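Quick notes on the structure that follows.
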Amino acid sequence: MSLLDISPVIPVVILEDASRAVPLARALVAGGIDIIELTLRTSSALESIERIAEEVPEITVGAGTVVDPAQAGQAAAKGASFLVSPGATDPLLDAMTETGLPFLAGTATVSEMLALRERGIREAKVFPARASGGAPFLQAVHSPVPDMRFCPTGGIGSADAADYLALPNVGCVGGSWITPAAVVEVADWGEITRLASEALAVAGTIRA
Ligand code: 3PG
């Protein structure tokens with residue numbers, strides 16, 4: 001199955017404390033979301049990925065913010081099932097391809113999309129989505145590049161997720177609004193479950 005079709009929303013998580021990883025993942029599953037991206041922006045990220053991969057098999061866990069080629073293999077070794085990068089340099093693409101895992105490389109221009117397409121890649125992240133023109137940008141891209149699909153992230157929330165999901169070239173959207181740091185900090189797992197359900201309900205109005 002394509003990475004873009006697992007869930008209409010991918011929670012993008014910056015987790016400081018690996019001990020929160022498993023209850024956070026379980027709270028998302030309770031809300032109906034079965035995918036989570038742990039960004040490699042904190043020292044606890046790789047351990048968090050490992051814990052979730054071992055203890056919460058119901059969720060597909062991946063590594064985000066892969067910015068150095070070496071991180072691709074490190075995340076794969078910890079049990080990541082997919083990789084996400086905010087950009088798409090050749091060494092990064094080579095390293096992510098080398099893992100054999102599905103990945104989403106970041107694009108923000110048509111030329112970057114075409115560069116991926118020339119490698120045979122048809123699915124990508126669009127980052128930073130809002131700052132790059134938002135849903136109107138993605139809509140405009142669909143006509144000249146109709147055979148690529150995207151996961152926009154960056155600046156998306158419950159108020160505008162549906163605008164993106166309504167587009168034919170958007171498979172899913174990602175973002176941190178489903179797992180706010182302040183809510184994770186106080187371990188309010190009920191609120192995470194509620195936010196996950198709410199995000200799916202928003203998506204459901206479009207993908208019914
Ligand atoms: C990402 O890495 O995809 C973004 O940091 C998520 O952006 P957001 O925090 O604005 O949702």
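The values are calculated or read from the model by the stated rules, or taken from the named source; none is laboratory data. Since the structure is predicted, the reported quantities are computational estimates derived from the model, not experimental observations. Using ideal geometry, Cβ is built from the backbone for each residue, glycine included, and neighbour counts are taken over all protein chains shown. Side chains are part of the model used for accessible areas, which takes the heavy atoms of the whole protein and leaves out ligands, DNA and RNA. Shrake-Rupley method; radii C 1.70, N 1.55, O 1.52, S 1.80 Å.
Computed values, structure above
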item: Amide proton proximity set for S81, modelled H, under 5 Å, gap of 5+; result: V61, G62, A63
item: Farthest positive-ward along segment 3-203 dipole, Cα basis, beta-carbon charges - from P152, F137, P23; result: F137
item: Charge dipole magnitude, Cβ of K and R +1, D and E -1 - segment 32-173, Cα centre, debye nearest 20; result: 340 debye
item: Relative contact order (%) - criterion: Cα under 8 Å, at least six apart; region: segment 3-203; result: 23 percent
item: Spin-label model distance (nm) - V67 vs E112, 7 Å beyond Cα toward Cβ; result: 1.3 nm
item: Dipole axis of the chain (+1 Lys, Arg; -1 Asp, Glu on Cβ), positive-most option in S48, V110, S85; result: V110
item: Whether segment 3-203 is rounded, prolate or oblate, judged on the alpha carbon gyration tensor where a/c under 1.5 counts as rounded; result: oblate
item: Cut-off 12 Å between beta-carbons: net charge of the residues surrounding I35, Lys and Arg +1, Asp and Glu -1; result: -4
item: CD proxy at 222 nm, helix term only [per DSSP H run n ≥ 4: -39500 (n - 2.57); per residue of the chain; nearest 500]; result: -12000 deg cm²/dmol
item: Most to least packed among 35-42, 54-61, 23-30, 158-165 [average Cβ atoms within 10 Å]; result: 35-42, 23-30, 158-165, 54-61
item: Average accessible area per residue (Å²) across the chain - probe 1.4 Å, nucleic acids and ligands excluded; result: 42 Å²
item: Accessible carbon and sulfur surface of the chain relative to its total accessible area, %, 1.4 Å; result: 53 percent
item: 5 angstrom amide H check on V173, placed H, neighbours 5+ away; result: V9, I10
